[in-house]
Amino acid sequence: AVWAIIFRRVEKYLDCGYGACYLKQEAIAAHAQESLLHFDATRYKLISWVVMPNHAHFLIKPISDFSLSEIMKKYKSFTAHECNRLLKRAGKFWQEDY
């Protein structure tokens, strides 16, 4: 399928380390990880995760009434604001979709 080809191309591009790579900085990566761990066992069951230089992967199972879209929106919003504050910058931090 076309979406699978596009997905593979995007993942290959990301895995090459292109872009700003803010998560290469230890404090920024730590914040992204700590934010993810914070709601483990309350909003979702965190199964696995990895923080890459320019993106993160995680596998979660939503708990109770929390939807995946709600979890992602809150995680990305919070981490974007905090990481931008730590970086002393403004603007888009994460890609819009997940």
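Residues of the range 21-37 that are in contact with a Phe, Trp or Tyr (Cβ under 9 Å, 6 or more places away or on another chain) and open to solvent by 40 Å² or more (accessible area, probe 1.4 Å): Y22, Q33, L37.
Taking the range 47-58, which residues are surrounded by 14 or more Cβ atoms within 10 Å (Cβ to Cβ) and either in contact with a strand residue (DSSP E or B) (Cβ under 8 Å, 6 or more places away or on another chain) or among the acidic types (D, E) (or both)? Residues satisfying the conditions are W49, A56, F58. Those helices (runs of 4 or more DSSP H) of the chain in which 1 or more residues are at pLDDT 95 or above occupy 26-38, 68-87. Given the criterion among the aromatic types (F, W, Y) and under 12 Å from the mean Cα position of the chain (by Cα), identify the matching residue among W3, W49. That would be W49, the only listed residue that is among the aromatic types (F, W, Y) and under 12 Å from the mean Cα position of the chain (by Cα).
Within the range 59-69, can one find any residue that is surrounded by fewer than 14 Cβ atoms within 10 Å (Cβ to Cβ), acidic (D, E) and under 21 Å from Q95 (Cα atoms)? Looking for residues that are surrounded by fewer than 14 Cβ atoms within 10 Å (Cβ to Cβ), acidic (D, E) and under 21 Å from Q95 (Cα atoms), one finds none in the range 59-69, hence no.
The values are calculated or read from the model by the stated rules, or taken from the named source; none is laboratory data. Because the structure is predicted, anything quoted here is derived from the model rather than measured. Note: ideal-geometry Cβ built from the backbone for every residue, glycine included; neighbour counts use all protein chains shown. Note: accessible area is taken over every heavy atom of the protein model, side chains too, but ligands, DNA and RNA are not part of it. Shrake-Rupley method; radii C 1.70, N 1.55, O 1.52, S 1.80 Å.
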